[in-house]
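Below is one structure, written out as structure tokens; comments come after it.
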Amino acid sequence: MTDFNLIADAEWRKRLSPEEYHVLRQGGTEPPGIGKYTNTTTEGVYSCRACGTELFRSTEKFESHCGWPSFFSPADSGKVIERQDTSLGMVRTEVLCANCGSHLGHVFAGEGYDTPTDLRYCINSICLDLDERPLE
């Protein structure tokens, strides 16, 4: 894993668009329903837009009707970090890229989705790149 604290803020600002920087580095959220991958069903691998680390696979993506891409598990649990988020007057679990520390979204449990984990990783599209490829 990379020590993401070694990358200077100015470098992140060069690498990312202002919108990407706001969500990935400042913990923002894109508006619901506008993201590139919200409704896509294309087969492939979703990677972190900031560093390219593989995060999710299309086989774990499902339609949750929440306005953001939803996954029931990461491709590898070691690729994401989960930490408590008490911002906005509520308690949630934030999801970050384990490699670069970028904010991806939040994970929610016990919402009654018919998935193997009953988890919903609610991820901002702007945080992802999709490598369209057949999965085995």
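Rule-based calculations on the coordinates, nothing more; no lab input. Nothing here was measured: the structure is a model prediction, and the numbers come from that model. For neighbour counting, all protein chains shown are included, and Cβ atoms are generated from backbone atoms with ideal geometry for every residue, glycine included.
The table that follows gives values for the structure above.
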{"read-out": "Nonlocal amide H pairs with residue 128, under 5 Å, H built at 1.01 Å", "value": "49"}
{"read-out": "Among 110-116, 57-63, the order from most to least packed when residues are scored by Cβ within 10 Å on average", "value": "57-63, 110-116"}
{"read-out": "Principal axes of region 63-136: Cα extent on each, largest first, Å", "value": "41, 31, 22"}
{"read-out": "In nm, spacing of pseudo-spin labels at residue 135 and residue 8 (7 Å Cα→C-beta vector)", "value": "3.9"}
{"read-out": "Lys, Arg +1 and Asp, Glu -1 on Cβ, resulting dipole of region 4-132 about Cα centre, debye, nearest 20", "value": "380"}
{"read-out": "Virtual spin-label span in nm between residue 62 and residue 39, 7 Å along Cα→Cβ", "value": "2.1"}
{"read-out": "Alpha carbon centroid spacing (whole Å) that separates region 79-136 from region 33-56", "value": "11"}
{"read-out": "Sorted by Cβ density within 10 Å, fewest first, the residues 9, 129, 76", "value": "9, 76, 129"}
{"read-out": "Calculated [θ] (222 nm, deg cm²/dmol) that DSSP helices of n ≥ 4 give over the chain, each run adding -39,500 (n - 2.57)", "value": "-3000 deg cm²/dmol"}
{"read-out": "Extension gain, residue 26 back to residue 54 (0.36 nm per residue minus Cα-Cα distance, nm)", "value": "8.0 nm"}
{"read-out": "Sorted largest first, extent of the chain alpha carbons per principal axis (Å)", "value": "42, 40, 28"}
{"read-out": "Relative exposure of 42, 53, judged by other C-beta atoms within 10 Å (fewest first)", "value": "42, 53"}
